[in-house]
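The values are calculated or read from the model by the stated rules, or taken from the named source; none is laboratory data. Predicted model, so just to flag it, every value in this text is computed and none were measured. Every residue, glycine among them, receives a Cβ derived from its backbone with ideal geometry; neighbour counts consider all protein chains shown. The accessibility values were calculated without ligands, DNA or RNA, using every heavy atom of the protein model including side chains. Shrake-Rupley method; radii C 1.70, N 1.55, O 1.52, S 1.80 Å.
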Amino acid sequence: MIFAVVLAAGASSRYGTSPPKQQELLPHVLAALRRAASLDGVLVVAGAHALDVDAGVDVVQCPDWERGPGASLRCGLEALPASAEAAVVVLADGPDLDPRAIDRLVESWRREGGDVVAATYGGVRLHPVLLARSAWPLVPDAGARGLEARLVACDDLAPPGDVDVRR
């Protein structure tokens, strides 16, 4: 089984907090995740702000969110069921996430394996990132970006975005 872990725990201080960017952008990310054929479930990691999410989406509160994205990611990974083989990590502030990137990563991982598999757009490593269960204990406080990954080109897709300031 493969689950999406959506990192939505940050303070969104550069964006402003009324409402926090996670609450504004998360619906777009969740809609993309619902269209991904390869996922068995979705888990959102909250931290600085309480989040309202759609029915059928689990939320875990991360008390250590201030330690960095890796701490939030570890909270999410620990909350996944024992049957989870891998997690596809996405950011709540990536509103242009294309579900085909998720399906491409999962398909590549099933064919070629690897502990960490990441999408690239124009040669730049972004998200989503697939973490096989064997990689979960390796996640540093800086997050999955610090882990060496096998790269999967998603150049034909729009990058997911990373919104830091209100548009």
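One table, with the values for the structure above:
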{"read-out": "Residue in the range 154-161 that is more than 23 Å from Arg67 (Cα to Cα), in contact with a Ser or Thr (Cβ under 6 Å, 6 or more places away or on another chain) and open to solvent by 70 Å² or more (accessible area, probe 1.4 Å) present", "value": "no"}
{"read-out": "Failed item, numbered, when Leu97 is tested on (1) surrounded by 21 or more Cβ atoms within 10 Å (Cβ to Cβ); (2) over 12 Å from the mean Cα position of the chain (by Cα); (3) assigned to a loop (DSSP other than H, G, I, E, B)", "value": "(2)"}
{"read-out": "When residues of the range 33-57 are limited to those that are over 25 Å from Arg110 (Cα atoms) and among the charged types (D, E, K, R), the one most open to solvent (accessible area, probe 1.4 Å)", "value": "Asp52"}
{"read-out": "Test set (1) under 15 Å from the mean Cα position of the chain (by Cα); (2) not in a loop (DSSP other than H, G, I, E, B) - Arg110 fails condition number", "value": "(1)"}
{"read-out": "Subset of the range 58-77 (residues that are assigned to a loop (DSSP other than H, G, I, E, B) and either surrounded by 14 or more Cβ atoms within 10 Å (Cβ to Cβ) or among the polar types (S, T, N, Q) (or both))", "value": "Cys62, Asp64, Gly68"}
{"read-out": "Residues within the range 78-94 that are outside any strand (DSSP E or B), open to solvent by less than 10 Å² (accessible area, probe 1.4 Å) and at pLDDT 95 or above, tallied", "value": "1"}
{"read-out": "Matching residues, the range 128-146, being open to solvent by 20 Å² or more (accessible area, probe 1.4 Å) and under 22 Å from Ala9 (Cα atoms)", "value": "Arg133, Trp136, Pro137, Leu138, Pro140, Asp141, Ala142, Arg145, Gly146"}
{"read-out": "The range 1-54, subset assigned to a loop (DSSP other than H, G, I, E, B) and at pLDDT 85 or above, residue nearest to Ala82 (Cα to Cα)", "value": "Met1"}
{"read-out": "Test: residue in the range 108-123 that is open to solvent by less than 10 Å² (accessible area, probe 1.4 Å) and at pLDDT below 95", "value": "no"}
